[in-house]
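Working notes, beginning with the structure itself.
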Amino acid sequence: MAEFDLLIRAPRAVVGQAEVSCAVAVRRGMVAALTEDDARAADLVAEEVVELGTDEVLLPGLVDTHVHVNEPGRTDWEGFATATRAAAAGGVTTIVDMPLNALPPTIDVPALEAKRSAAAGQAYVDVGFFGGAVPDNLGTLRPLHNAGVFGFKCFTIESGVDEFPALSQGELAAAMREIADLGGILLVHAEDAETIAAAPTATGRRYADFVRSRPPVAETRAIEAVARLARETGVRSHVVHLSSGDAVPIVADARSRGVRLTAETCPHYLTLAAEEIADGATEYKCCPPIRESRHRDALWDALRSGVVDAVVSDHSPSRPELKCLDSGDFGAAWGGIASLQLGLSAVWQEARNRGVGLAQVVNWMAARPADLVGLPRKGRIAVGADADFAVFAPDETFVVDAKDLHHRHPVTPYAGRTVAGRVRRTWLRGRPVDLGSDARPTGRLLSRAAS
């Protein structure tokens, strides 16, 4: 009788922070043995043996902790079936869903249960959930925490949807104190509302006008406030979707002083630049905006130095008409980038141009996001970890055709761009993820307590 369910022999695999040759054995959905010894590998017996090609690299399944699925309530924007299919096609095997854009937003336990009910039976990858911190639920976050959300998300500026209002400075401090008592983490969309209110209003087709409407100083001022309050309250705080290189020293300084502050950035901030965006190209609109190339360079430096911890998608699609593609009006268009399926390829294209190795990219997109939210069995190839894998061909390039994407609407700023590396196969707990029209989703719904 075979000792293992699956054995993958990989001439190249990302294990830890290195690329090695190894054999990975899987039993009951978990990595049960891992060896770089050819003699030991020859002794492993499994019901199924997969031999990878020399042009393929076995990766741990990626972990994307910033995804707006929008179901229930705005499923015509995106839903669990389409979002998780896109994730699997891009090598992402775990996502954590943001609390806003769905109706109701995840600001209490009944709303969380509505999310879980909507996702049940539809998820092609594993799905966890964040809760929201808004003015009306402060002081009552413990039930959501106890129900298993992986953290709480808040805004320091209007969120774009009326049902998820921003926190004032006083409310932000109160949320931090409450979440510190819970031992949780607060994720902050950090832009200063007063700074943006004083900036020129974004109207019309000029991308440069849109960037001026949300200047870098709006991020630096908000992050300064987050760092100060995090120091005072002791809470774990996390800055989401950092776009401004000017804010990197603030994060670095806070961490040097012992503040529990982390930060993420996104593929679009690492691969795109304001100078390259055509007027009227509203598929590029997001908040904070894609900035000039000097910010892109600074974010790469911050990743290399460890000041920025992770790379996640901030996948935030909408119906195409909300992007105002016909008028190209940046003031009216919905701000959100659709990229869940393309993040690894887009980042790898830029990384190899900058001399950054694949193992480092995978660490930023798998292990680090998993660690940030407390998923120790995700994002790594290690004995005891979930057998979530992606087979990646790093030297294969392709031109992005939006019609090939699995998310609900074929709108993305990456359309027509050449990217490097194609995900050829994805496994979830040792079973291949089938994206065929008749496939049965096998993703699980995760909670913090059971992760």
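Coordinate-derived values only; no laboratory data. Keep in mind the model is a prediction, meaning the values are calculated, not measured. Because the Cβ atoms are built from the backbone with ideal geometry, glycine has one as well, and the counts that use them run over all protein chains shown.
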Total charge of the residues flanking Thr54 in space, meaning their Cβ is under 12 Å from its Cβ, with Lys and Arg +1 and Asp and Glu -1, is -2
Rounded to the nearest whole Å³, what is the per residue volume of the convex hull around the Cα atoms of region 350-451? 143
Residues Thr201, Thr156, sorted so that the one with the fewest Cβ neighbours within 10 Å comes first: Thr201, Thr156
Exposure proxy order (Cβ contacts within 10 Å, fewest to most) of Ser437, Ser313, Ser159, Ser447: Ser437, Ser447, Ser159, Ser313
Restricting the calculation to Cα positions, tell me the Rg (one decimal) and the Dmax (whole number) of the chain in Å. 21.1, 71
Starting from the alpha-carbon convex hull of region 166-227, give the projected area averaged over all orientations, in nm². 4.7
Explain nothing, just compute: Karplus ³J(HN,Hα) = 6.51 cos²θ - 1.76 cosθ + 1.60, θ = phi - 60°, for every residue of region 319-330 in order, whole Hz, x for Gly and Pro. 4, x, 5, 6, 7, 6, 5, 6, 7, x, 8, 5
Within 10 Å of each residue's Cβ, count the other Cβ atoms and sort Thr203, Thr94, Thr220 from fewest upward. Thr203, Thr220, Thr94
Kirkwood Rh, region 26-169, all Cα pairs: how many Å? 17.5
Select from Ala10, Gln349, Gly184 the residue farthest towards the positive end of the dipole of the chain; place +1 on Cβ of Lys and Arg, -1 on Cβ of Asp and Glu, and compute about the Cα centre. Gly184
Scaled radius of gyration (Cα, divided by 2.2 N^0.38 Å) that region 249-375 gives: 1.13
Trypsin sites (Lys or Arg not before Pro) restricted to DSSP loop in region 1-63 with at most 11 other C-beta within 10 Å: Arg28
Below 13 angstrom from the Cβ of Asp388, what's the summed charge of the other residues (Lys, Arg +1; Asp, Glu -1)? +4
Mean separation of Cα contacts under 8 Å, 6 or more apart, over the residue count of the chain: relative contact order %: 21
To check you understand DSSP bridge types, tell me what percent of the beta bridges within the chain (both residues inside) are antiparallel, rounded to 5. 45
For Thr220, net neighbour charge (Lys/Arg +1, Asp/Glu -1) across residues whose Cβ lies under 11 Å away: -4
Along the principal axes of its C-alpha atoms, what lengths does region 175-323 span, in descending order and rounded to whole Å? 46, 30, 29
Phi angles of region 87-97, converted by Karplus (6.51 cos²θ - 1.76 cosθ + 1.60, θ = phi - 60°) into ³J(HN,Hα) in whole Hz with x for Gly and Pro, give 4, 4, 5, x, x, 8, 10, 9, 10, 10, 7
Total charge dipole magnitude, region 171-293, about the Cα centre, Cβ charges on Lys, Arg, Asp, Glu only, Debye to nearest 20: 240
Give the shape of region 1-46 as rounded, prolate or oblate, defined through the alpha-carbon gyration tensor: a ≥ b ≥ c are the square roots of its eigenvalues, a/c under 1.5 means rounded, and otherwise the shape is prolate if a/b is larger than b/c and oblate if not. oblate
Might you report the magnitude of the Cβ-based charge dipole of the chain about its Cα centre, with Lys and Arg at +1 and Asp and Glu at -1, to the nearest 20 debye? 520
